[in-house]
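Report on the structure given below.
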Amino acid sequence: MNKYFSKPEFKDKKIFIGISFSSISSNESAVAVLDENLKIILLDKLYTMHDIEHFLKNFQGIKNSAIAVSMAKNEVMINSRWKYLSRIYHPVNLNSNLKNRDGWANRFSKKGVDLFKSLKNEGYFLFRFDIHNSKNAFGCNSAFLDRTPADCKALQSGLKYKLHFDNLPNNMLPVSELEAILGAYTIYSYVNDVDNKKCQKLFQFHDIDVIGFSQGLVIC
């Protein structure tokens, strides 16, 4: 992997935190912490909003950390096969022919927005990221249903062999922890890509920058 010089405003950021944020209470969230050499410092599950807040406010190295929290999926969006298959390349909410009544076509949920805005206003270097965007850029995307054993295996293999996370165990990790590692790698890429050629700000979601990778860009 290439080593880039950090952006000036991130020069003291040596720890990279990824949080896989679940959109429903039945699925756990998770956190992954990487150091500047991409070594995994911590992997853990987080079950509630309070757990996420408690972790971030009590993490010892938070002043030297950059954080990426995944976008929660909007569970109200009508569940149909064509929307699932087109989620990566077809932004439904930009199609003016489809009336977005009651926000049914919004892909992302507002869950957790107030907490994350509050943390950012307190000075946390906090960003959001889209898991599917990162999977595509790192070549970890697959045709498997989200969070199935096959999807989990494909993601872990991609992290281990394409992104060179050699210290991943041979046994299968929970998919939430794998997605958290992906988030930590995404914020690492953003901080260290000084020219914003690979990882950049894509848009804002409720006043928080969403970072990600340009379509068609594959990072291996």
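This table checks each residue for (1) on the phi > 0 side of the Ramachandran plot; (2) at pLDDT 90 or above; (3) touching a helix residue (DSSP H, G or I) at 6+ places or on another chain (Cβ under 7 Å); (4) surrounded by fewer than 18 Cβ atoms within 10 Å (Cβ to Cβ).
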position	(1), (2), (3), (4)
Lys11	no, no, no, yes
Ile24	no, no, no, yes
Val31	no, yes, yes, no
Asn79	no, no, no, yes
Val92	no, no, yes, yes
Considering only residues that are touching a helix residue (DSSP H, G or I) at 6+ places or on another chain (Cβ under 6 Å) and closer than 17 Å to Glu177 by Cβ, which ones fall in the stretch 54-68? Ala68
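Tell me, please, whether a residue that is surrounded by fewer than 18 Cβ atoms within 10 Å (Cβ to Cβ), at pLDDT below 90 and of a type outside the set (Gly, Ala, Ser) can be found in the stretch 175-193. Step through it out loud before you land on a result.
Start the filter on the stretch 175-193 by keeping residues that are surrounded by fewer than 18 Cβ atoms within 10 Å (Cβ to Cβ), which leaves none.
Checked against the condition, which is being surrounded by fewer than 18 Cβ atoms within 10 Å (Cβ to Cβ), at pLDDT below 90 and of a type outside the set (Gly, Ala, Ser), the stretch 175-193 yields no hits at all.
Sort through Gly139, Gly123, Gly183, Gly112 and tell me the only one that's of a type in the set (Gly, Ala, Ser) and without any contact (Cβ under 8 Å) to a residue 40 or more places away in the chain. Talk me through it step by step, then tell me what you get.
Working: Gly139 fails: without any contact (Cβ under 8 Å) to a residue 40 or more places away in the chain; Gly183 fails: without any contact (Cβ under 8 Å) to a residue 40 or more places away in the chain; Gly112 fails: without any contact (Cβ under 8 Å) to a residue 40 or more places away in the chain.
One residue alone meets the criteria, Gly123.
The values are calculated or read from the model by the stated rules, or taken from the named source; none is laboratory data. Since this is a predicted model, take the numbers as computed values, not measurements. Note that each Cβ is placed from the backbone with ideal geometry, even for glycine, and that neighbours are counted across all protein chains shown.
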